[in-house]
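Enquirer: Please find one structure pasted underneath; my questions will follow.
The values are calculated or read from the model by the stated rules, or taken from the named source; none is laboratory data. Here the structure is a predicted model, which is why all the values come from computation and not from measurement. Positions of Cβ are generated from backbone atoms using ideal geometry, with glycine treated the same way; all protein chains shown enter the neighbour counts.
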Amino acid sequence: MIDVTVGVLGGTGPQGKGLALRWAKAGIPVIIGSRKTERAEATAEELRARAGVENVTGGANATCAAGADVVLVAVPWEGHDELLTSLRSELAGKIVIDCVNPLGFDKQGPFPLPVPEGSAAQQAEKLLPDSRVTAAFHHVSAVHLEDLSRSEVDTDVLVLGDDREATDQVRALADAIPGVRGIYGGRLRNAHQIEAFTANLIAINRRYKVHAGIRITDVES
């Protein structure tokens, strides 16, 4: 995977930043994307210093999407459709990993929001007809990713998609993070329950004051 450049749209947020840090540490070139170039460049500088590497750069979202081979979408749900629509040409022909969780919050806690297309990943698939859309990295703790004192991140990553080669590459990106396994989780049409399960994990984290992940049993690496 060191020959693949990964772009992270939303790379200044907790999830995108944490994944970018771990990939950079593993030797994978990373481009941080943001609406503001200055913010992306500042985050890239921070990650270079923290990981002790030089393989992280930053730029505007369009620059990030155009310069990467594989692009992770880690932006707030509210801006998901607008951003992807604006980057359709830059993302054409590329593997796109959607890790967005459409969630709402009220007095009873988190809950999944209805998505007309079925899921955020399916919305991405509709908006990016020339891209190879996958869904993954919904359940990885940003806190654990950013804590480099943890030599390993104890979790599995479910990877969904209809393109076998694309899901295999995304699984390899998951495997590049020590302690993490990429596990094929089915077709993209099943992404809704993966996104929605994040609400359950948030509830677990709040109740037990942890940063829980998931493990799939009886599957050998």
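Enquirer: What residue, among those in segment 1-27 that are farther than 14 Å from residue 74 by Cα and β-branched (Val, Ile, Thr), is farthest from the chain's Cα centre (by Cα)?
Expert: So, considering only residues that are farther than 14 Å from residue 74 by Cα and β-branched (Val, Ile, Thr), the one farthest from the chain's Cα centre (by Cα) is 2.
Enquirer: Also, I was wondering about something else. Starting from residues that are free of Cβ contacts under 8 Å to residues at least 60 places away in the same chain and of a type outside the set (D, E, K, R), keep the ones in segment 95-113 and report whichever is surrounded by the most Cβ atoms within 10 Å (Cβ to Cβ).
Expert: 96
Enquirer: Among the listed residues 164, 132, identify the single one that is more than 22 Å from residue 47 (Cα to Cα), in contact with a strand residue (DSSP E or B) (Cβ under 8 Å, 6 or more places away or on another chain) and modelled with pLDDT of 95 or more.
Expert: 132
Enquirer: Please verify whether segment 46-56 includes one or more residues that are closer than 18 Å to residue 140 by Cβ, hydrophobic (A, V, I, L, M, F, W, C) and surrounded by 16 or more Cβ atoms within 10 Å (Cβ to Cβ).
Expert: The answer is yes; a qualifying residue exists.
Enquirer: Residue check, residue 7 against (1) closer than 20 Å to residue 180 by Cα; (2) assigned to a helix (DSSP H, G or I), all met but one. Which one?
Expert: (2)
Enquirer: Looking only at segment 66-81, how many residues end up being farther than 13 Å from residue 100 by Cα and either out of contact with any Lys or Arg (no Cβ under 8 Å at 6 or more places or on another chain) or without any contact (Cβ under 8 Å) to a residue 24 or more places away in the chain (or both)?
Expert: Here the count works out to 2.
Enquirer: How many residues does segment 45-65 hold that are within 15 Å of residue 75 (Cβ to Cβ) and in contact with a strand residue (DSSP E or B) (Cβ under 6 Å, 6 or more places away or on another chain)?
Expert: 3
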